[in-house]
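The values are calculated or read from the model by the stated rules, or taken from the named source; none is laboratory data. Computed from a predicted model, the values in this text were never measured in an experiment. Counting neighbours? That spans all protein chains shown, and the Cβs are built from the backbone with ideal geometry, glycine included.
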């Protein structure tokens with residue numbers, strides 16, 4: 001049964017879960033509370049074959065609830081999965097990661113390393129490229145964007161290209177677009193994928209109360225719009241109950257500014 | 001063979017311009033007592049290879065570092081390491097920024113005596129453009145191009161383990177030994193600090209022996225420093241000292257690293273340092289993070 005009252009974070013978790021539903025037996029890695037709960041929801045419902053870790057060193061046969069857990073809680077380990085072994089998994093291709101980059105460009109390239117035009121004197125040093133180069137050329141990747149804006153979806157290329165995308169100028173010898181597997185882009189106003197012509201970013205659905213025009217305005221490059229754009233499906237009561245079970249401390253309410261409702265109120 | 005040394009004896013073995021690998025990961029199991037000893041030394045012009053946390057931030061802030069070879073520098077719950085960030089934004093560092101897995105391959109290449117290991121990781125990204133020394137090569141076996149990840153040979157590796165004996169048998173009982181074995185294997189000399197010094201009897205049970213990830217012949221020296229990973233974690237003994245990292249982070253905004261050193265490092269013994277956190281008993285009460 002479709003729920004009538006839900007938060008935007010919960011809507012985004014349910015969309016994030018759809019990203020993993022047809023993955024089969026892969027490691028689902030959701031970085032951040034909303035992506036992680038999306039993977040958790042998928043593993044609990046549509047795709048029980050998924051694998052998840054405890055975000056530290058063990059692979060689990062059931063996802064852990066987020067945050068502090070009771071003394072009696074026993075996590076369901078199934079194998080050791082320390083960081084060195086994560087790379088064995090990454091390079092085996094049996095993984096789907098969902099992360100929140102600071103910049104995404106029209107080629108699907110992303111940036112979490114640094115901002116500014118001079119790499120050796122960055123305006124803002126961020127994390128570093130981390131595992132993005134390897135993830136992007138090895139397995140499926142989805143993006144999570146909590147603040148859809150032209151600052152994230154940049155005009156031009158990312159300041160530091162951390163992940164490979166559909167950029168002909170950078171395509172390595174022996175590779176083509178089919179070797180790169182970028183899936184969903186889930187934002188606070190819409191869902192997109194890279195299935196437009198020549199892997200152009202395509203609008204899949206808008207969240208309740210959001211217009212197509214708003215998405216176009218807040219994206220720094222041209223995106224592909226279909227003749228009709230559906231509204232993002234509302235969560236079901238069952239989905240909300242599962243999310244609540246795995247997020248007992250309601251950390252999801254702290255992920256988006258002011259924890260807005262899933263159905264945007266009509267402006268007065 | 002007895003390999004016991006003091007921290008100052010170990011740091012005396014290091015020289016200006018060396019390439020030094022540091023074990024651990026972000027805010028976890030970093031050999032911080034050795035880092036503090038380096039801060040008190042005259043060492044300079046170091047090339048640091050690390051899955052970086054405050055080890056990298058502190059050494060950069062103290063002007064010890066010429067070049068950093070890294071994939072990230074982060075304190076986890078404080079995502080951006082404040083002093084590394086400052087050093088980068090002031091344009092004062094040489095960097096080799098590569099993927100986390102490439103760093104692992106570089107250590108493995110060094111450990112195995114290979115000049116490089118081919119990988120597809122890095123292709124199509126600025127990792128290639130920003131590191132002109134990183135070569136992209138043709139394969140004799142297929143028609144694709146490959147990144148030739150060069151061996152990251154280390155003059156020294158610094159790691160912290162929970163237990164070691166005086167011969168250099170080292171146990172990491174924490175859930176993850178991270179890449180410490182590869183840092184040790186990539187290095188000409190490996191210097192280990194341990195939270196507990198044990199007798200060789202400790203390693204007899206098979207499940208304990210399975211938590212020993214390199215042979216003692218690779219351990220150059222052992223230094224017994226209970227709490228020596230603080231403020232990073234050393235499971236099973238203590239977690240990440242998040243409140244200290246918050247204070248450290250504040251110094252980057254106000255006061256600067258010199259003020260931090262004046263309070264916590266300069267002229268202080270490790271015991272005096274630890275006394276500010278309730279001594280080893282206080283450090284061992286720091287809870288483990290739940291993810």
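Could you say which residue among A:10, A:21 is touching a helix residue (DSSP H, G or I) at 6+ places or on another chain (Cβ under 7 Å), within 18 Å of residue A:247 (Cα to Cα) and more than 14 Å from chain B (Cβ to nearest Cβ)? Steps first, answer last, please.
Values: A:21 fails: within 18 Å of residue A:247 (Cα to Cα).
None of the others qualify; the one that does is A:10.
Considering segment B:110-211, the qualifying helices (runs of 4 or more DSSP H), each wholly inside and each with 1 or more residues that are at pLDDT 95 or above, touching a helix residue (DSSP H, G or I) at 6+ places or on another chain (Cβ under 6 Å) and more than 14 Å from chain A (Cβ to nearest Cβ), run over B:206-209.
Residues in segment A:234-252: is at least one free of Cβ contacts under 8 Å to residues at least 12 places away in the same chain and under 24 Å from residue A:96 (Cα atoms)?
Step one: list which residues in segment A:234-252 are free of Cβ contacts under 8 Å to residues at least 12 places away in the same chain, which gives A:241, A:244, A:250.
With the extra rule that they be under 24 Å from residue A:96 (Cα atoms), the set shrinks to A:244.
Yes, segment A:234-252 contains at least one residue that is free of Cβ contacts under 8 Å to residues at least 12 places away in the same chain and under 24 Å from residue A:96 (Cα atoms).
If you filter segment B:273-291 down to residues that are over 28 Å from residue A:29 (Cα atoms), assigned to a loop (DSSP other than H, G, I, E, B) and out of contact with any strand residue (DSSP E or B) (no Cβ under 7 Å at 6 or more places or on another chain), you find that the one that is nearest to the other protein chains (Cβ to nearest Cβ) is B:285. Scanning segment A:124-162 for residues that are in a loop (DSSP other than H, G, I, E, B), within 7 Å of chain B (Cβ to nearest Cβ) and free of Cβ contacts under 8 Å to residues at least 60 places away in the same chain gives A:126, A:127, A:128, A:129, A:130, A:131, A:160, A:161. Condition first: buried (at least 24 other Cβ atoms within 10 Å of the Cβ), within 14 Å of chain A (Cβ to nearest Cβ), farther than 19 Å from residue B:188 by Cβ and touching a strand residue (DSSP E or B) at 6+ places or on another chain (Cβ under 9 Å). Can you find one or more residues in segment B:2-23 that meet it? Looking for residues that are buried (at least 24 other Cβ atoms within 10 Å of the Cβ), within 14 Å of chain A (Cβ to nearest Cβ), farther than 19 Å from residue B:188 by Cβ and touching a strand residue (DSSP E or B) at 6+ places or on another chain (Cβ under 9 Å), one finds none in segment B:2-23, hence no. Scanning segment B:132-190 for residues that are more than 21 Å from the chain's Cα centre (by Cα), touching a residue at least 24 places away in the same chain (Cβ under 8 Å) and closer than 16 Å to residue B:120 by Cβ returns B:134, B:144, B:146, B:147, B:148. Note on segment A:170-183: residues that are within 11 Å of chain B (Cβ to nearest Cβ) and closer than 19 Å to residue A:103 by Cα total 2.
Using the structure shown, decide if residue B:264 is within 14 Å of another protein chain (Cβ to nearest Cβ) and in contact with a helix residue (DSSP H, G or I) (Cβ under 7 Å, 6 or more places away or on another chain).
Values: within 14 Å of another protein chain (Cβ to nearest Cβ): no; in contact with a helix residue (DSSP H, G or I) (Cβ under 7 Å, 6 or more places away or on another chain): yes.
No; evaluated as a whole, the condition is false for this residue.
Taken over segment A:210-228, the criterion of being surrounded by 15 or more Cβ atoms within 10 Å (Cβ to Cβ) and over 20 Å from residue A:144 (Cβ atoms) is satisfied by A:212, A:224.
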